[in-house]
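The structure appears right after this line, and notes come after that.
Every read-out reported here was derived from the displayed coordinates using simple, explicitly stated rules and does not represent laboratory data. From a predicted model like this one, the values you see are computed outputs, not experimental measurements. Ideal geometry is used to build each Cβ from the backbone, glycine not excepted, and the neighbour counts take in all protein chains shown.
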Amino acid sequence: MTPRRARLETRQASLGYGARLVSERLDLAIRDGSFTAIIGPNGCGKSTLLRAFARVIAPGAGEVLLDGTPIRSVPPRAVARELGFLPQSSIAPDGIAVADLVARGRTPHGRLFQTWTAADEAAVREALDVTGLTGLSGRPVRELSGGQAQRVWIAMLLAQQTSILLLDEPTTFLDIAHQIDVLELCRRLNRERGVTIVAVLHDLNQAARYADRLILMREGAVAGDGAPPDVVTAELVEYAFGLACRVIPDPVSGAPLVLPLGTT
């Protein structure tokens, strides 16, 4: 079978913030239609890598590519038509309604002085429907639960009609039911619509259950890369996290399930 084309790539990329280097000489490729979870301990470079893919930070050396083209040379609005980025913390403007926030996802498609179009309306309506927010479209975002609000931000990305979603810790601060709700939505978008998803996740078991590829990072470098059974092993988990554990098949999904070994 012919390998799917790479949508995003790092080639010998060194990433960091000013003089502080986080990752050096990274070589990675995100294939079209894949669901990739980036995992690893705090401070290992997960969010830094995602921000580089999103063109938020530029590599100090090497390249980040979007569809084979250095992303730094692609105009920002053109990048926004190809990929949507959800950072860790997103704050909705005071009083803004769900539908109005979702409509902001159409900004990359507009032109100067262009009025709202039927295509814009259809994109927003579809994004609300896919995320189950149609009945809440008139509600202020600030009145929603954390899980509902997270779906609003994802709906805004869907209204962009991009084929790549970059999600930085999309389940943080959500209760377990809302975490699963968000991850189920991501999996549906990936499987039913072919959306390429790259998500930074903290929960190893959730990452192994929902993603088809895991990138395990440690101290800015890739410690493991592949299908969940190849990455979520007792040896690699202990190497990356310093956590002694057993890994067994999840009785529901069959994915690797990490069981920490306590001291008692």
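For the stretch 53-119, the residue among A103, T117, L86 whose Cα projects farthest onto the positive side of the dipole built from Cβ charges is T117.
Each helix, a run of at least 4 DSSP H residues, gives -39500 (n - 2.57); summed and divided by the residues of the chain, these come to -9500 deg cm²/dmol at 222 nm.
Taken one residue at a time, the phi angles of the stretch 47-57 give Karplus couplings (6.51, -1.76, 1.60, θ = phi - 60°) of 5, 4, 4, 5, 5, 5, 4, 7, 6, 6, 10 Hz. Gly and Pro are set to x.
Need one number: % antiparallel among DSSP beta bridges in the chain, to the nearest 5.
Numbers: 26 of 43 bridges.
Within the chain, antiparallel bridges account for around 60 percent of the total.
The angle between the Cα long axis of helix 176-193 and the longest principal axis of the Cα atoms of the chain comes to about 70 degrees, rounded to the nearest 10. The simple Förster model, with R0 at 45 Å and r as the Cβ-Cβ distance, assigns Q12 and S253 a FRET efficiency of 0.80. The length gained by stretching the chain between L243 and A122 to full extension, at 0.36 nm per residue less their Cα-Cα distance, is 38.7 nm. Spin-label model, R5 to R31: label points 7 Å out along the Cα-to-beta-carbon direction sit 1.6 nm apart. Taken one residue at a time, the phi angles of the stretch 32-38 give Karplus couplings (6.51, -1.76, 1.60, θ = phi - 60°) of 4, x, 8, 10, 10, 10, 9 Hz. Gly and Pro are set to x. With viscosity 0.890 mPa s and temperature 25 °C, the Kirkwood radius over alpha carbon pairs of the chain converts through Stokes-Einstein to a diffusion coefficient of 127 µm²/s.
Placing unit charges on the Cβ atoms only, positive for Lys and Arg and negative for Asp and Glu, gives the chain a dipole magnitude near 620 debye about its Cα centre. Once backbone amide H atoms are built at 1.01 Å from N, L86 has L166, L167, D168 as its partners under 5 Å, excluding neighbours fewer than 5 places away on the same chain.
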